[in-house]
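The values are calculated or read from the model by the stated rules, or taken from the named source; none is laboratory data. What you are looking at is a predicted structure, and each value in this text was computed from that prediction instead of being measured. Cβ placement follows ideal geometry from the backbone for every residue including glycine, while neighbour counts extend to all protein chains displayed. What goes into the accessible areas is simple: the full protein's heavy atoms, side chains included, and nothing from ligands, DNA or RNA. Shrake-Rupley method; radii C 1.70, N 1.55, O 1.52, S 1.80 Å.
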Amino acid sequence: MPEAAQPALTAATIAMGLSAGLYFAFDVSVLPGLARGEDEAYLTAMHHINDAIENGLFGLVFLGAFLATGVAGGRLQRTGRRTAARWTWAALALYTAAVALTLRVNVPLNRRLAAASGPSATAGELAALRRAFTTRWTPSNAVRTLACTAALACLGRALASSRA
């Protein structure tokens, strides 16, 4: 692998793996676990999770996966590793779709949840809020999981083909 591309491709792969793992963990444990609880507990927990995830480390991984993948693709392209570059560009396209979905679906739902839930909400209002939230948030997260996992696989192929 060209020296210039290796650190970026390695960083992209690690960041993508962390992103795919985070979304997967939500799909297989966090969301099913929360689904077992009452509406108020579910909404409160999701609100706290959404608040907690907005931190520098998550931001570094979220943005870092995007930037490192783009840098790696450019460096691989410039050094003539076209097959590895194509896999990297495919990973970038998949991750861009996941980021776009996050910004268009998940973040607005998180903000609506934060604004709408409160101690004065009735049981019916909480149930409606939860239903409106989960019907879009849960499938969107599953798509993000698939996109990031596919992007991770593409980066794995890029790593393998860059060494050939």
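Rounded to the nearest 500, the 222 nm mean residue ellipticity of the chain from helices alone is -28000 deg cm²/dmol, with -39,500 (n - 2.57) taken per DSSP H run of at least 4 residues. For the chain, averaging the sequence separation of C-alpha pairs within contact (under 8 Å, six or more residues apart) and dividing by the residue count gives a relative contact order of 41 percent.
What is the ratio of the Cα radius of gyration of segment 1-65 to 2.2 N^0.38 Å, with N the residue count, to two decimals?
Numbers: Rg = 16.0 Å, N = 65, 2.2 N^0.38 = 10.7 Å.
In units of the globular-protein estimate, segment 1-65 measures up at 1.48.
Our coupling estimate for segment 43-53, obtained by passing each phi through the Karplus curve with A = 6.51, B = -1.76, C = 1.60 and θ = phi - 60°, is 5, 5, 5, 4, 4, 5, 4, 4, 5, 5, 6 Hz, Gly and Pro reported as x. The residues of the chain have, on average, 53 Å² of accessible surface per residue, using a 1.4 Å probe with all protein chains present.
Take the Cα radius of gyration of segment 33-113 and divide it by 2.2 N^0.38 Å, with N its residue count; two decimals is plenty. Walk me through the numbers before you get to the answer.
Details: Rg = 17.5 Å, N = 81, 2.2 N^0.38 = 11.7 Å.
Scaled against compact globular proteins, the figure is 1.49.
Charged neighbours of Thr44, selected by a Cβ distance under 13 Å, balance to -3 (K, R count +1; D, E count -1). For segment 147-160, 3J(HN,Hα) computed residue by residue from phi via the Karplus equation (6.51, -1.76, 1.60; θ = phi - 60°) reads 5, 5, 5, 5, 5, 4, 4, 5, 5, x, 5, 4, 4, 5 Hz, glycine and proline entered as x.
Length, then width, then depth: along the principal axes, the Cα atoms of segment 76-128 run 62, 15, 12 Å.
Among the protein heavy atoms of the chain, carbon and sulfur supply 65% of the accessible surface, probe 1.4 Å, non-protein parts ignored. Across segment 68-81, coupling constants 3J(HN,Hα) worked out from phi with the 6.51/-1.76/1.60 Karplus curve, θ = phi - 60°, read 5, 5, x, 4, 4, x, x, 5, 5, 4, 5, 8, x, 8 Hz, and Gly and Pro carry x.
Reported to the nearest whole Å, the Cα centre-to-centre distance from segment 141-164 to segment 40-103 is 11. For Kirkwood radius over Cα pairs in Å, the candidate list reads (i) 16.9; (ii) 15.5; (iii) 16.1; the entry that matches the value derived from this model is (i). The GluC sites (Glu not before Pro) of segment 23-64 that meet both conditions, a loop assignment by DSSP and at most 14 other Cβ atoms within 10 Å of the site Cβ, are Glu38, Glu54.
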